[in-house]
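Below is one structure, written out as structure tokens; comments come after it.
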Amino acid sequence: MPRVTVIAPPFHSHAAPLSVLAGELRATGAEVTFACAEGFASLAEAAGVEFTPLRIGRNANTGIARRTVQAEDEARRLEEFLEATRGGAVPALLVQARHRRADMLAAPERVLAELRALHAERPADWYVVDQLSYSVTLALHCLDLPYATFCPGHPSYLPAAPGALFGVPYAWPQAVRPTPADLRTLRGEARANDHSFTALFARFISRHAPHRPVPRRAFTLCSPRAVLLNYPRLDWLPPRPEGPAYVFSGHLTPTGTLDPGPFWRAEARRLRQAGPRLVLVALGTFLSARRDVLESVTRGILAERPDTSVILAAGDQAEALAGLAGPRVAVAATVPQQALLQQVDAMVHHGGNNSFTECLAAGVPALLLPFSSDQFSVAHDAERAGAGLCLDPYRLDPATAGRAVSALLDSPRHALDELHGHVRAHGPRRAARELAGLMA
């Protein structure tokens, strides 16, 4: 029985899909350990795998970013990022690029020591590591331990095309087009990160494992054997680094019918009595802080579609937005998103990779409002695939949002249905089997 350790960063949007993968790897016959911060032990329990505490970064997000206890510097950076999202796509991406220098290679010596100790105490035949956990990837590379890479976001997070840079979208949706000057500034910051990260990797490897090869570009360092992409295989995706085999999971939603629980079953029935169409509005664990956008979208839907009700996931803004609640609106801090997607007719989200793939798995069309990270690339793909529409959240008004959601509800779904079938044919069970075969 092979022993596998799945190492997850302390972010719910990363740890949750990795825990689903861990459970499916156990179903292949592996002995699986889920390694993450203490606050995520329940994910291992739900997946039916062992848990071991491992903290691999300074910041964390257990489900609502602003409600997660953070160090002072991390909390300050979160507020700086949220403020930047009010300025437009490039200002938000520039802040992320500058924060990346502090966040993405946190305490590599400590991580190396902890992984060396973990392997000595409970050795694994191979590991699974989140691609954005660069300190872990670097440590496993130095220790020469076999591992598979899990790419939690858009496949372009592994830049391979000529001129591709981590932190610069490989493509933009029609609604969001930066000026050439802004794009040059962004590329300059991303290129500086590329050079500085590669130099940091080279110095670290020469100091701790001089016998190991130095990657030509740090952001392309991944498993030489297997990379799991939490994404559908789309014909137009950019090239990926040569060497490993690539597994497209399509989605990492738990297998089977998901039950939202008695409260949300009752809420869905109540809302459909007032407006028989139902839309879920959720901007993820960070961007739920954008109360202005959540309110504009909700009011726009109510005004444009008298036949439509709304479930609003408002994060730490739930109390402030409680006044929207009524016969056609339910407001909550968090919702069981994956289960509710099997109950609704459309979703409004931020273009996060999990929300995109979960909508595809459920066959639900989406309005995407991308703010940062890989969300612009995801929004581009959703539009091109016929799985949704995109609006610029920086120039959003209720009427425009309402009309877009109305168009989603009334549009034919042939392209979405085809992609839904493709995604459902893959999923975590098949991905785990393929990954286990590649690492055997």
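What follows draws every value from the coordinates through simple rules; no lab data is involved. Source: prediction; values computed, not measured. Note: ideal-geometry Cβ built from the backbone for every residue, glycine included; neighbour counts use all protein chains shown.
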Query raised in the report: Quick one: Karplus J couplings for region 154-166, per residue in order, coefficients 6.51, -1.76, 1.60, θ = phi - 60°, nearest Hz, x for Gly and Pro?
Result: 4, x, 5, 4, 9, x, 9, 5, x, x, 6, 10, 5
Query raised in the report: What list of ³J(HN,Hα) values in whole Hz, one per residue of region 425-440 in order, does the Karplus curve 6.51 cos²θ - 1.76 cosθ + 1.60 (θ = phi - 60°) give from phi, with Gly and Pro shown as x?
Result: 6, 9, x, x, 5, 5, 4, 5, 5, 5, 5, 4, x, 6, 8, 5
**Report entry** Sum of -39500 (n - 2.57) over DSSP H runs of 4+, divided by residues of the chain (222 nm, nearest 500)
**Finding:** -14000 deg cm²/dmol
Query raised in the report: Which three extents, in whole angstrom, do the alpha-carbon atoms of region 280-437 cover along their principal axes, largest first?
Result: 52, 32, 29
Query - Whole-number percent relative contact order across the chain, with pairs defined as alpha carbons under 8 Å at least 6 apart - result: 16 percent
Query raised in the report: Rg and Dmax of the chain over Cα atoms: what are they, in angstrom?
Result: 21.1, 67
Query - Charge context of ALA282, other residues only, Cβ under 12 angstrom, K/R +1, D/E -1 - result: 0
Query raised in the report: Summing Lys, Arg as +1 and Asp, Glu as -1, what charge do residues with Cβ under 15 Å from the Cβ of HIS420 carry, HIS420 excluded?
Result: -2
Report summary line: Residues meeting the amide H criterion for ALA35 (H placed from the backbone, H to H distance under 5 Å, 5 or more places apart or on another chain) are VAL6, ILE7, ALA8, THR52
Report summary line: Under a Gaussian network model of the chain whose springs join Cα atoms within less than 10 Å, the largest fluctuation of SER373, SER42, SER133 belongs to SER42
Requested in this report: Would you give the gap between the C-alpha center of region 308-376 and the C-alpha center of region 1-58, rounded to a whole Å?
Outcome: 26 Å
Query raised in the report: Going 7 Å from the Cα of ARG395 in the Cα-to-Cβ direction, what parts of region 345-374 have a backbone nitrogen less than 16 Å from that spot?
Result: 369-371
Report task. Using DSSP to define loop residues, name the GluC sites (Glu not before Pro) in region 267-368 whose beta-carbon has at most 15 other beta-carbon atoms within 10 Å. Result -> GLU319
Report summary line: Expected vector for region 355-365, Karplus 3J(HN,Hα) from phi with 6.51, -1.76, 1.60 and θ = phi - 60°, integer Hz, x for Gly and Pro, equals 4, 4, 6, 5, 5, 4, 5, 8, x, 10, x
**Report entry** Residue-count net charge about PHE248 - beta-carbon cut-off 11 Å; Lys, Arg +1, Asp, Glu -1
**Finding:** +2
